[in-house]
Each structure stands twice: as structure tokens, then as C-alpha cells.
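Bear in mind that the values in this text are calculations on the coordinates, not laboratory data. Since this is a predicted model, take the numbers as computed values, not measurements. Counting neighbours? That spans all protein chains shown, and the Cβs are built from the backbone with ideal geometry, glycine included.
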Amino acid sequence: MANYFLKTPFSEEEVRQLKVGDIVHFDGTLFGIRDLTQIYMVDQNHEPPVSLEGMPCIHTSPSLKKVGDRWEPICVGTTTSVRMDRYSPLLIEKYGVRAIIGKAGLYEDSLKAMEKFGAVYLAIVGGAAALETRQIEEVEAVYWEHLHPEALYQFRVKDFGPLTVAMDTHGNHLYFDVKARAKQRLPEIYKKLGVV
């Protein structure tokens with residue numbers, strides 16, 4: 001396990017050196033997306049008004065307050081990723097997203113896209129919204145404001161993390177590994193419980 005401190009945009013080379021279990025912090029731009037954002041982009045054919053090339057995207061529906069023409073973060077938490085899995089391969093291949101941040105991981109097609117095009121899944125601890133919010137220095141832009149709280153958000157972050165590499169470009173998948181180890185231990189657990 002290694003620790004990495006990165007700056008956005010991430011290069012393919014930087015992302016390909018990461019391995020499952022590594023810890024990542026980064027500075028720079030972070031884009032916030034959620035279900036409706038991706039439905040609007042992909043299913044309803046709206047091209048993003050800003051480049052996502054080399055960038056991390058976090059699965060979030062943030063609580064923000066508009067003060068004049070600026071948005072201020074109140075609470076920016078992370079949501080579960082799996083229900084947005086069908087959009088991830090396209091984000092990686094077409095838009096050049098280098099990292100997807102969320103909870104609970106993604107499935108096999110997303111892992112294949114990460115291997116092929118050079119991207120990772122970075123897991124964040126559930127319940128860490130207070131920490132995440134403090135690491136956001138500024139809400140730089142809100143695109144597709146009519147979709148708020150599921151618009152496309154551009155945040156500037158400082159020392160964002162810790163994030164655990166849970167899916168890497170080498171075909172490793174932390175969640176699949178944990179599930180496999182748990183399955184191997186089931187007979188022993190059943191035996192201790194006296195379950196046949």
C-alpha cells in the first residue's frame with residue numbers, strides 16, 4: 001500500500017501506477033455528478049459544457065446555498081455508485097474521466113473500461129460528508145443549474161481524501177476480493193454456529 005498526493009488533471013500514467021489499497025489525496029478540480037446529471041448527458045444527449053478530460057468525478061447531490069451569484073457548500077456528501085454503473089464506461093471512454101469517487105464500487109464493465117482507458121474507482125468512507133465539505137475551497141461553477149441538486153458541479157478542493165483505490169487499471173476490484181474472502185469463510189462460520 002502506498003500514499004499518493006496528486007493534482008488534477010490526472011494523467012493516464014499517474015492513474016496506472018495506482019493499485020487497489022493505495023491511499024490518494026489530491027488538490028484541484030473535482031466534478032460532482034449524480035443520476036440525473038448523467039441521464040441528462042447520456043440519455044438526453046446534452047454534451048457537458050466543460051471538459052471532464054483527466055478529471056475526477058464524485059457521485060454526490062450536494063447541499064449548497066446560493067449567495068448572490070455564488071454557491072457556498074453546506075454539506076457535500078457522497079452517494080452509492082452502483083446504480084450509476086451503466087454510465088461509467090462512457091464517462092471514462094468518451095469524456096476521459098480518470099477517477100470516479102463514491103461508495104460501494106462499480107461492476108465488471110466499468111472495471112474493463114478502467115483497464116482499457118486508464119481510470120480508477122476511489123472509495124470514500126461513508127459518513128465523511130463533514131470532512132469532504134471542509135476540503136472544498138470553492139464551488140467554482142454550477143452547470144445545468146435547473147437540475148440542482150443533481151446538476152454538474154465544479155469544485156476546487158484541497159487535500160481531498162483520504163480515498164482508497166478500490167478498482168484499478170490492473171483488473172483488481174477490492175469489493176469483489178472482499179466478497180470472495182467472505183464466501184471462503186462461510187463454511188467455517190456455519191460450523192461455529194452449528195448450522196448445517
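Numerical summary
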read-out: Long pairs among Lys19/Lys65; Lys66/Lys112; Lys65/Lys103, criterion Cα-Cα beyond 30 Å; value: Lys19/Lys65; Lys66/Lys112
read-out: Relative contact order [Cα under 8 Å, 6+ residues apart], the chain, whole percent; value: 27
read-out: The range 131-177: radius of gyration over Cα atoms, expressed as a fraction of 2.2 N^0.38 Å; value: 1.58
read-out: For the range 3-193, convex hull of alpha carbons as volume per residue, Å³; value: 124
read-out: Nearest-ten-degree value, helix 108-117 long axis tilted from longest Cα axis of the chain; value: 60
read-out: Of His46, His146, His173, the one that fluctuates the most in a GNM where the chain has Cα springs shorter than 10 Å; value: His146
read-out: Relative contact order for the range 114-196, counting Cα pairs under 8 Å that sit 6 or more residues apart, in percent; value: 33
read-out: Taking Ser61, Ser11, Ser88 and counting other C-beta atoms within 10 Å, the order from fewest to most; value: Ser11, Ser61, Ser88
read-out: Within the range 73-92: backbone nitrogen closer than 17 Å to the Glu47 label point (7 Å, Cα to C-beta); value: 91-92
read-out: Charge sum, other residues only, whose C-beta stays under 12 Å from Val15's C-beta, Lys/Arg counted +1 and Asp/Glu -1; value: -3
read-out: Residue order, fewest to most beta carbons within 10 Å, for Tyr121, Tyr175, Tyr190; value: Tyr190, Tyr175, Tyr121
